[in-house]
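Quick notes on the structure that follows.
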Amino acid sequence: MAPEAMLDLARQAAELLVNRIHKLPGEGAWDGEFREGLLATLMEEPPEQGRPGDEVIERAAREILPYTLRLDHPRSFGFVSSATTWPGVLADFIAAGYNINACTWLVASGPSQLELVVIEWFRRWLGYPEGAGGLFTSGGSAASLDAFVAAREAADHPERATVYMSDQSHTAFYRAAIIAGIRRECVRVVPSDDRFRLDMQALASRVAEDRAAGYVPVAICANAGASSTGAIDPLPEMADYCEAEDIWLHVDAAYGGFAVLCDEGKAALRGIERADSVGLDAHKWLFQPYEAGCLLVRDPATLEKAFEVHHDVLQDTVWGANHPNFSDRGLQLSRSFRALKVWMSIQTFGMAAFRDAVANGMRLARRTEEYVEASSKLELVSPASLGVVCFRVNPQDADMDEESRERINRQVLARMFWDDRAFISSASPHGIFSLRLCIINHNTTWTDVRETLQAVERFGMQGVANQQNR
Ligand SMILES: Cc1ncc(COP(=O)(O)O)c(C=O)c1O
């Protein structure tokens, strides 16, 4: 392509994105289309001859890209959304333009050194010991898989390996354990207490029972921000226990970990620095575009022991002891340059902006809890923890059985989905069907949250009235 044509297309793409970002708050947080509709517009033979690039971009912007959950919308409260920063987006563009493969030091020494630098930043933020290290991964699922493989390899007899997690742990862990070769029946799900935190006594009994039966407990997972409730497991107690029992402690801090940037979050996550490994997702509360997961391990040699293999075709890439090859620390050989987006965002805005943005999410979650507590129409199911709050419509003066309550809350969720600008999702902590807000977008204001809660109350009261008129 001629340079002018390249620049024209880049300008068109940049304008598309900047317009989208600025119009976003006025639009709905979700749009989607049924399969038949999308199939009719998109299924075709790939063209034999190319078309003008501007038409291709314009068609993608019209027929494909709008049909998504707008995860960066200030009222996107479902699941674990995230809002990007513009320098982060540009970093992905630049890394792709330079065609970086952050696999080995020989192939990408600058990017590899930057990955070490950013991981060192993460290490310091968590208060993790000096010498700890890790790598960027696609996300929290991949980070947990790498951690389980390292934990399994570090155990003496991995053949009868068992792993432990709470009933609030992300399903990514169950899946990662299975992929890492732990048999399904050896993944132990430990009950959580009334605050959705792993029950230490239940954990200790299960481990003792397993040891007596000849199993080898290789890893215990702790939540540092469970996705349903935001719950933080008792990290210091779990670290004591794992140390005493010589079991690998992995902390899932995929969404919650960056709370350490503000004082309140740091205090809430005390103990995280004692884990053997920690998974973090910069594509969640560090405002980066997908994919930007990270695994930190206390001792990077444990990762290298688990993953290093001799590749004949890559023998030239072994370049001394102080030049780590990230492809020897995890699953991926070819790897995109994920550290650049974190680095460019932080260089552009500075740490103070990130600290404020994370603290703002925690503050809004607390205000949500206060609002729910003060409302006669809503009931708190799980208190604000990091950025998550679960609640349900349950008017104090309405006489409803559990079934009707769940039906009304499901109806509210559907009404929010179709009739409101916000997107929220649900969870069922300890079996209670609940509406859930996860508030970690740096653009979200209290007005966004308050109006969403008011819509929930309005739809809820309409549901209650319909129920009573039946
Ligand atoms: C607490 C937690 N752990 C793990 C994951 C899985 O991470 P990823 O989607 O980056 O693979 C998520 C995803 O939302 C999460 O919230």
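The values are calculated or read from the model by the stated rules, or taken from the named source; none is laboratory data. Model, not experiment: these values are computed from the prediction. Counting neighbours? That spans all protein chains shown, and the Cβs are built from the backbone with ideal geometry, glycine included. The protein model used for the area step is the full one, side chains on, heavy atoms only, and it has no ligands, DNA or RNA in it. Shrake-Rupley method; radii C 1.70, N 1.55, O 1.52, S 1.80 Å.
Summary table
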item	result
Estimated FRET transfer efficiency when R0 is 56 angstrom, pair Glu237-Phe34 (beta carbons, to 0.05)	0.70
Long-range amide H partners of Ser166 with built H, under 5 Å	Val190
Whole-Å semi-axes of the stretch 352-468's equivalent ellipsoid (Cα gyration tensor)	26, 14, 12
Theoretical FRET efficiency, 1/(1+(r/R0)^6), r = Cβ-Cβ of His310 and Glu370, R0 56 Å, to 0.05	0.45
Carbon + sulfur, % of accessible area of the chain - ligands and nucleic acids excluded, 1.4 Å	52 percent
Over the chain, equivalent-ellipsoid semi-axes from the Cα gyration tensor in Å	36, 33, 20
For the stretch 100-349, with +1 on Lys and Arg beta carbons and -1 on Asp and Glu, the positive-most of Pro324, Ala155, Gly225 along the dipole	Gly225
Contour minus Cα-Cα distance for Ala414 and His22 (0.36 nm per residue)	138.4 nm
Sequence-distant residues sharing a close amide H with Ile64 (under 5 Å, placed H)	none
The stretch 402-468: equivalent-ellipsoid semi-axes (sqrt of 5 x gyration tensor eigenvalues, Cα, Å)	22, 15, 9
Vicinal HN-Hα couplings computed from phi for the stretch 332-348 (Karplus, 6.51 cos²θ - 1.76 cosθ + 1.60; Hz; Gly/Pro x)	7, 8, 5, 9, 6, 8, 7, 5, 4, 5, 5, 4, 5, 5, 6, 4, 6
Total charge dipole magnitude, the stretch 1-49, about the Cα centre, Cβ charges on Lys, Arg, Asp, Glu only, Debye to nearest 20	320 debye
Hydrodynamic radius of the stretch 105-218 per Kirkwood, over alpha carbon pairs, in Å	16.1 Å
Distant-in-sequence amide H partners of Val216 (H built 1.01 Å from N, under 5 Å)	Arg160, Ala161, Thr162
Prolate/oblate/rounded label for the stretch 100-349 (Cα gyration tensor, a/c 1.5)	oblate
Estimated inter-spin distance, Glu264 and Arg160, nm [label 7 Å along Cα→Cβ]	4.8 nm
Taking the C-alpha atoms of the stretch 13-154, convex hull volume expressed per residue in Å³	217 Å³
Calculated diffusion of the stretch 1-60, Stokes-Einstein form, Kirkwood radius summed over Cα pairs, 37 °C and 0.692 mPa s, µm²/s	230 µm²/s
Electrostatic dipole magnitude of the chain [Cβ: Lys, Arg +1; Asp, Glu -1; Cα centre; debye, to 20]	740 debye
Extension gain (nm, one decimal) between Thr317 and Ala212, 0.36 nm per residue minus Cα-Cα	33.2 nm
